[in-house]
Amino acid sequence: MKNIESGETMKHTTKMLGAAWGILGLLTGGFYLIRPHKALADWATEHISIPVRETAALFCNLFPFSVAELLYTAVILLGLFLIARTVSAVKKSDKKGKTLLLRLLAIGLIPATILTGYNWLWALGYYGTTFAERSGLKNNGIAVDDLKQVTVYFAELAAELAPQVKRDENGHFAEEDFFTDTDGLYDVLESEFPCLQNHSLRAKPMLYSRFMSMIGFTGFYFPFTGEANVNVD
């Protein structure tokens, strides 16, 4: 009876995994079919990618911590847990090869789902109308001297405005000001470029900021939660 039940379980698991991989395959195929066509990429971005990201962003904005950080920590721990369970299951199984294959297919769903979600929620935007096209700005490159002048301008402006930034007793930036005082931050920019108009959401400080410094990351946008995550190290 145990072997029969085990066989039935494997059969059911095989069907479920086949369906899951089939759905991911269809979504991946759809992505590669759409991306060469700018009009289709724009439509999918406007009606699928952006609404999903904005909904996620509004929900995650309710929390003061980075939901993105929580999610990828959970995914890493889940992956390690599934690997340990796979080793244990293969040792106990009478059909080690099939058990290993099914377990690996199940674990593989995690990175495959992440990659598919990334393609639809973020990568698709690279194949649609560009910011230069939406804003009317010309994208003809820039001279080195112009870049130097702009860099000097912003450096001087930063020095001029630095005294207005609140600091702690050690002279360091008061981090809380940057994450709570952001209303209207992009109003001027949005008025000049209406295509940038969006909800005003808080950026999220990262608990793993020290690690981000070690690998050279100052921050990143996470399309699955619509959050801007900032290195505060």
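The values are calculated or read from the model by the stated rules, or taken from the named source; none is laboratory data. Given the structure is predicted, the values throughout are model-derived calculations rather than measurements. Positions of Cβ are backbone-derived with ideal geometry, glycine not excepted, and every protein chain shown enters the neighbour counts. Calculation scope for accessible area: heavy atoms of the full protein, side chains included, ligands and nucleic acids excluded. Shrake-Rupley method; radii C 1.70, N 1.55, O 1.52, S 1.80 Å.
Some points to look at:
- Ordered by solvent-accessible area of protein heavy atoms (1.4 Å probe), largest first, the residues 211, 131, 193, 31 come out as 211, 131, 193, 31.
- Expressed as a whole percent, the accessible surface of the chain that belongs to carbon and sulfur atoms is 66, based on a 1.4 Å probe.
- Stretch in the chain that is longest and holds no trypsin sites (Lys or Arg not before Pro) that DSSP places in a loop and that have at most 12 other beta carbons within 10 Å: 1-137
- Across 15/91; 138/204; 11/91, pairs whose alpha-carbon gap is larger than 29 Å: 138/204
- Annotation: aspartates and glutamates with alpha-carbon distance below 15 angstrom to residue 148 (same-chain offsets under eight excluded): 156.
- Measuring with a 1.4 angstrom probe and ignoring ligands and nucleic acids, residue 214 comes out at about 140 Å² accessible.
- 13 Å beta-carbon shell around residue 217, net charge (K/R +1, D/E -1): -1
- Computed [θ] at 222 nm, helices only, for the chain once each DSSP H run of length n ≥ 4 contributes -39500 (n - 2.57): -20000 deg cm²/dmol
- Dimensions of the chain based on its C-alpha atoms, expressed as ranges along the principal axes with the largest first, amount to 79, 50, 35 Å.
- Rounded to the nearest 10 Å², the accessible area of residue 190 at probe 1.4 Å: 40 Å²
- Taking amide hydrogens as placed 1.01 Å from N in the peptide plane, the amide H of residue 204 sits under 5 Å from those of 228, 229, 230, each at least 5 positions away in sequence or on another chain.
- Surface accessible to a 1.4 Å probe, per residue, for the residues of the chain, Å²: 71 Å²
- Sorting 221, 72, 153, 126 on solvent-accessible area from highest to lowest, probe radius 1.4 Å, gives 126, 153, 221, 72.
- For residue 96, the aspartates and glutamates whose Cα comes closer than 17 Å to its Cα, not counting residues fewer than 8 places off in the same chain, are 5, 8.
- 109, 147, reordered so the largest accessible area comes first (probe 1.4 Å): 147, 109
- Membrane-span-like helices in the chain (whole DSSP H runs, Cα extent of at least 18 Å along the helix axis, mean Kyte-Doolittle hydropathy of at least -1.0): 2-34, 67-92, 96-121, 144-161.
- Inter-part distance where the stretch 22-54 and the stretch 147-206 are each reduced to a Cα centre, Å: 33 Å
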